[in-house]
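Any read-out appearing in this document is the output of simple, stated calculations on the displayed coordinates, not a laboratory observation. Fair warning: this is a prediction, and the values are worked out from it, not measured in the lab. When we count neighbours, we look across all protein chains shown, and the Cβ atoms used for this are built from the backbone with ideal geometry, even at glycine.
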């Protein structure tokens, strides 16, 4: 058994508790035959929880961690407890080569800080980025990065995010040459900041990368399925991601209000429930769970704090796919080719 | 008749043509008794169009303009034709004091450039900002600015936007002390860029402004009705606004697909149609039309290029309210008080 078929799980992170984490991992286990899991956390609690999951028990090993990172803990505080917390130990298993990836539903800032400190950025990469898959009207999900790891970015960061995001889309979405665009406030060449325009110029000048550079895209086209990867600084990315989440919830809430507005509407709602459930299903963040820190010497997946069993299983699936496709090597190669072309 | 009851209309701007502009203005005329309109554009075409609107004819004057700004025209090109285009002449009527505000559905960049050049920024204001009203789940719409007039902003710009946005909310939403927040990627004090944190510190240190400073707000809370004014740089604002528009359309499209997915859903849809129409109505941009350039020595309202008759009427209503409440004076006073407090 090599690390490429083993995933370390921070079993204690997340708002939903250990039982949901274990149920999610057990689900993922059934989808990925041959994958093994290192379950990190309170040994007694994990062993007790595993009694409901004989299938997972057979494919997992328990690694004891005496402490847990708190949801509200400051990253600067949490990194001091890297050796004793379930989050820190899960990441360390990746560093040691005992696992191909780590998955945690815990504190995002702490996870980022610990992962960066322990795994370090890949050669040539200044900053890791947080990438996620978002739903679209197209055939595929969309890869978007950075979603908040870097408040301010320069041209070089944006170009590296494009290369890393494309490598991730090749793995996660099975695409040969993902269509990549930079998020901007207009599609004309002269729009946006100098950094964005310069990043576009550099990406246009590197035609041999395994990606199809599509220039700029505006916020209203995010979910149209017109591109596969959208690149931006962490500030804009976080604003866009949260605005999209908030707006989807806003529209759903308005719809609920509207359906409640009359008896006739209530009846219509009951009849069309399969349709509205389809919608809910499509927008459910659990079905798109698993954000990835790209650019580190090792794979770390962030699962939503409030993810349910299905969400946790999806985050594990993201990790499993990346491990199987050797994403870190792929990014290293693509970046090497880009540097060679740019030189 | 003073300028405070007269609005200049760029009758030729917009994708929907003169007939829709006139129908929209005629509608606004019925809502604002005593308001007069200066209809700027091709005199013969306007006179012909007015035949269907005797009510508007009685309350308007036609001002001939031989040319029109094109939708795709570069702002740098358009400003050279300020004296001959319907857009340029409408703005000039404000400058001359013949109208209290100008309304155009034409080219946004050109409108901004012409308005800035002709009306100039208010004393002490470095940059004008584009503000709009957005729908929320609360009792009021939300004022958001800047929405794209300024790609990059410094601390002073953000603080001035907060003061101008609050003055606008007092007028447009009839609030005494609007709740103001800065858009950020977290609500904790240490989140975001230096500029945003410094702007927050300055706003907190000015407690006598007619606004209630609420700190930071994240993208997922935009439409919750928790604050009345959201302030950001033009890049983030444009990304957030367009992402919100795109996501609302995305959810509506998914819903349509879902309703079409089975006969049962189709029947449910037909029965609950009043509910879905309520939703469509709430999200229809025509019902929130009329973005305002704040910080100029005169009022200019941008109507959506694709606005229909109702949209145009709403943009005129925004102008009429601002004119009646003497918004420019109010902003001048608030800024003066802020400078005095900060000194």
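Points to keep in mind about this one:
- Normalised convex hull volume, the protein assembly as shown, alpha-carbon set, Å³ per residue: 169 Å³
- The Stokes-Einstein estimate for the stretch A:11-81, based on a Kirkwood radius over Cα pairs and taken at 4 °C with 1.567 mPa s viscosity, is a diffusion coefficient of 100 µm²/s.
- Spacing of the two label points (7 Å from each Cα toward its C-beta) at residue B:52 and residue B:84, in nm: 3.0 nm
- Projecting 7 Å from Cα along the Cα-to-Cβ direction, the label point of residue B:52 sits 6.6 nm from its equivalents in the other copies, listed shortest first.
- For the stretch A:37-178, a Kirkwood radius taken over Cα pairs fed into Stokes-Einstein (25 °C, viscosity 0.890 mPa s) yields D = 143 µm²/s.
- Antiparallel content of DSSP bridges confined to the stretch A:126-294, in %, to 5: 40 percent
- If R0 equals 51 Å, the separation of the Cβ atoms of residue A:77 and residue B:281 corresponds to a calculated FRET efficiency of about 0.55.
- A Förster distance of 25 Å, applied to the separation of the beta-carbon atoms of residue B:139 and residue B:176, puts the FRET efficiency at 0.95.
- A convex hull fitted to the Cα coordinates of the stretch B:39-123 yields 96 cubic angstrom per residue.
- Values of log10 I(q)/I(0), in the order q = 0.11, 0.15 Å⁻¹, for chain B under a Debye, Cα-only, solvent-free model: -0.73, -1.22
- For residue A:121, inter-copy label distances in nm, listed shortest first [label point 7 Å out on the Cα-Cβ vector]: 3.4
- With the convex hull of the Cα atoms taken as the outline of the stretch A:126-294, the averaged projected area works out to 10.5 nm².
- Using a 7 Å Cα-to-Cβ projection, residue A:98 label spacings across copies, nm, ascending: 8.3
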